[in-house]
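The values are calculated or read from the model by the stated rules, or taken from the named source; none is laboratory data. Please read these numbers as outputs of a predicted model, since none were measured by experiment. A quick note on method: Cβ atoms are made from the backbone with ideal geometry, for glycine too, and the neighbour counts reach across all protein chains shown. Note: areas computed on protein heavy atoms with side chains; ligands, DNA, RNA excluded. Shrake-Rupley method; radii C 1.70, N 1.55, O 1.52, S 1.80 Å.
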Amino acid sequence: MKKFPKDFLWGTATAAHQVEGNNVHNDWWRWEHEVVGRLKSGIASDHYQRFKSDFSLAADMKHGIHRFSVEWSRLEPTMGQYNQVEIDHYREVLAELKKHNIKSMVTLWHFTLPTWFADLGGFESKSNFNYFYRFVELCAREFGGLVDYWIVINEPNHYVVKSYLMGMWPPQKRNFFTALAITRNLATIHCDAYKLLHKIIPDCQVSSAHQLINYFPKNRWNPVDIFLSKLLSFLANDLFIILTKGHHDFFGLNYYYKFATSLQNLIRHITQVEVVKTMEDLGQDLGWIMDSKSMYWAINKIWRTVGRPIIITENGIADASDILRQNHLIDHLKWVQKAIIDGIDVRGYLHWSLIDNFEWQSGFIPRFGLVEVDFDTQVRTPRPSCSIYTKIITEGL
Ligand code: BGC
């Protein structure tokens, strides 16, 4: 039995649009309602109303940190007009975490944009950046004293791929050059927001949550597979790290899967338009391979290239049966522990997710929660993984 460091941060992560419900002023809500048949978030996990009881569950499980996103479109539903009720709401959310002695990690942008900002072209246009900075400043001034860790952007690479390469998420574009430009723009806003947060709250802790994918050649002797795996790794993993160098107090690392790289798999992935219909789709379709050892690879890569303390800001598996999740947790945490034993400064692990939620274009089918949500009644039922996770937190592996 090996314990983790005493002050290791244990917890979970969520995102506003996936759990709160009724985020009616953002581009995702509009997109969900544009076409008949698209899966709709509706009241999602009703976390907006139920955050207190959800946090009680987290406290019962001995969690010491919780990551959530503030929804920009709630705070600024109309350009330049802030909603005081929503400001108070998030202050209440932060105060509730404090009450339970749970540290907070606040994501400023997790995929959804206020419709007015999306209509201006979102992050495509540099002249829009100031709207985001104004929002960052609002959050820093209103919530600063209550926030322990800041995440500026969630998974810039994931957003760029889904929204600007695959054409799957709003604004449904497919253009390699726009995708590259957005990557650069997101790196710029990360760096500017980093400086802005530090100007307002000098000793704050800021990063973004960057998803690392282990692109390996499907056939390790095939030069095309080798070349593509290197190229994809550079574009999806390295570029954002290089462009944001020196602008991370810690590094937020999301890790889910590795990708068997071949031209065929890449084309299938990029041209995928189907939503996930079953659990199996998530784990096995399109070269998605859950591989715990790649967690170790990802941690090492960040340590070598960024050299900042690392917090795993997301890692999890869609598994309604909870059979896979139990091993998934143990296997991945073993590799986290090995990295710590090797001397890498890993400070925390936040499982995705606390509760079942709205999994974007795949709706409510994939179940990522430690806690099950019955979406008809909103009743919460902790899955067996909850006690396994608590046992690891209190006793080690
Ligand atoms: C995203 C989450 C998503 C999770 C599972 C991450 O890439 O940040 O919003 O729910 O993956 O697919």
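For residue 171, only one of the following conditions fails: (1) more than 16 Å from the ligand (Cβ to nearest atom); (2) out of contact with any Leu (no Cβ under 6 Å at 6 or more places or on another chain); (3) part of a helix (DSSP H, G or I). What is its number?
Going through (1) more than 16 Å from the ligand (Cβ to nearest atom); (2) out of contact with any Leu (no Cβ under 6 Å at 6 or more places or on another chain); (3) part of a helix (DSSP H, G or I) one by one, residue 171 breaks only (3).
For residue 258, all conditions in the list (1) within 16 Å of the ligand (Cβ to nearest atom); (2) of a type outside the set (Asp, Glu); (3) at pLDDT below 60 hold save one; what is the number of the exception?
(3)
What residue, among those in the range 288-308 that are within 16 Å of the ligand (Cβ to nearest atom) and open to solvent by less than 20 Å² (accessible area, probe 1.4 Å), is farthest from residue 15 (Cα to Cα)?
294
I'd like the full set of residues that are open to solvent by 30 Å² or more (accessible area, probe 1.4 Å) and of a type outside the set (Lys, Arg), limited to the range 218-231.
Across the range 218-231, the qualifying residues are 219, 221, 222, 223, 224, 226, 227, 231.
Quick check on my filter: what residues within the range 13-38 are in a loop (DSSP other than H, G, I, E, B) and either modelled with pLDDT under 95 or exposed (fewer than 14 other Cβ atoms within 10 Å of the Cβ) (or both)?
Hits for the range 13-38 are 24, 35, 36, 37, 38.
In this structure, is residue 58 surrounded by 21 or more Cβ atoms within 10 Å (Cβ to Cβ), under 19 Å from the mean Cα position of the chain (by Cα) and more than 16 Å from the ligand (Cβ to nearest atom)?
It is true that residue 58 is surrounded by 21 or more Cβ atoms within 10 Å (Cβ to Cβ), under 19 Å from the mean Cα position of the chain (by Cα) and more than 16 Å from the ligand (Cβ to nearest atom).
Identify, from the list 197, 212, the residue that is more than 16 Å from the ligand (Cβ to nearest atom), under 28 Å from residue 349 (Cα atoms), open to solvent by less than 40 Å² (accessible area, probe 1.4 Å) and modelled with pLDDT of 95 or more.
197
Out of (1) surrounded by 15 or more Cβ atoms within 10 Å (Cβ to Cβ); (2) among the aliphatic types (A, V, I, L, M); (3) over 19 Å from the mean Cα position of the chain (by Cα), what's the single condition that is false for residue 113?
(3)
Restricting to strands (runs of 3 or more DSSP E) lying wholly in the range 303-376: which have 3 or more residues that are within 16 Å of residue 397 (Cβ to Cβ)?
Hits in the range 303-376: 346-351.
Among the residues that make up the range 331-348, is at least one of them modelled with pLDDT of 95 or more, within 29 Å of residue 21 (Cβ to Cβ) and surrounded by 18 or more Cβ atoms within 10 Å (Cβ to Cβ)?
Yes - at least one qualifying residue is present in the range 331-348.
Need pairs with beta-carbon distance below 7 Å; first residue more than 14 Å from the ligand (Cβ to nearest atom) and modelled with pLDDT under 95 and within the range 309-325, second hydroxyl-bearing (Ser, Thr, Tyr) and open to solvent by less than 10 Å² (accessible area, probe 1.4 Å); sequence gap 6+ or separate chains.
What qualifies is 322/385.
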